[in-house]
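Accompanying notes for the structure given below.
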Amino acid sequence: MEPLVDILIEDPRWEAFGLEGLAERAVVAVLSDQTLSPRACEVSILGCDDARIAVLNQDFRGKPVATNVLSWPAEERSAEADGGAPLRPGPGIPGVPEELGDIAIAWETCAREADDHGKPMPDHVTHLLVHGLLHLLGYDHMRDKDAALMEDAETRILARMGIANPYE
């Protein structure tokens, strides 16, 4: 089942890399894990460079530096209690996909991190997309139990995709 993923490529290296295919695969894996229909949800992804993500990071987080991935949930879905399950997206309007939010991912930072950690770039990018998608669904890592819940979800989803635990 093909998910509803809107991809905007600002850095052509992402196109050559195949970001669209990785993103669709990650969206299906995350939504399936969360027992959500990939056709019932919509995600927007920006493939950019470090300069662009540094501007976004400054504008939205007050941090004027490049980062690997940023996400902007369409709705706040975080659990009130540390370690609690995030709120699930509502059923929405029949026939209209639920907008989960937006993700931006930066080429240079991803490539450098993959190289520094000796990981295949597709595996690292997939991990970051899964991480960003979980943020859109209300997962977070600011509190200890929330972080454990999110890491468990990430490693479970990645394992199902044939990707090694990125935290080992």
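The values are calculated or read from the model by the stated rules, or taken from the named source; none is laboratory data. All of these numbers come straight from a predicted model, not from anything done at the bench. Positions of Cβ are backbone-derived with ideal geometry, glycine not excepted, and every protein chain shown enters the neighbour counts.
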Count, please, the residues in region 36-67 that happen to be at pLDDT 95 or above and either part of a helix (DSSP H, G or I) or among the β-branched types (Val, Ile, Thr) (or both). 16
Quick one: how many residues across region 29-59 are touching a Pro at 6+ places or on another chain (Cβ under 9 Å), surrounded by fewer than 17 Cβ atoms within 10 Å (Cβ to Cβ) and under 26 Å from Glu108 (Cα atoms)? 2
Failed item in (1) surrounded by fewer than 16 Cβ atoms within 10 Å (Cβ to Cβ); (2) touching a strand residue (DSSP E or B) at 6+ places or on another chain (Cβ under 8 Å); (3) among the basic types (Lys, Arg); (4) more than 24 Å from Ile157 (Cβ to Cβ), with Lys63 passing the rest: (2)
Only one of (1) part of a helix (DSSP H, G or I); (2) touching a Lys or Arg at 6+ places or on another chain (Cβ under 8 Å) does not apply to Glu15, and that is (2)
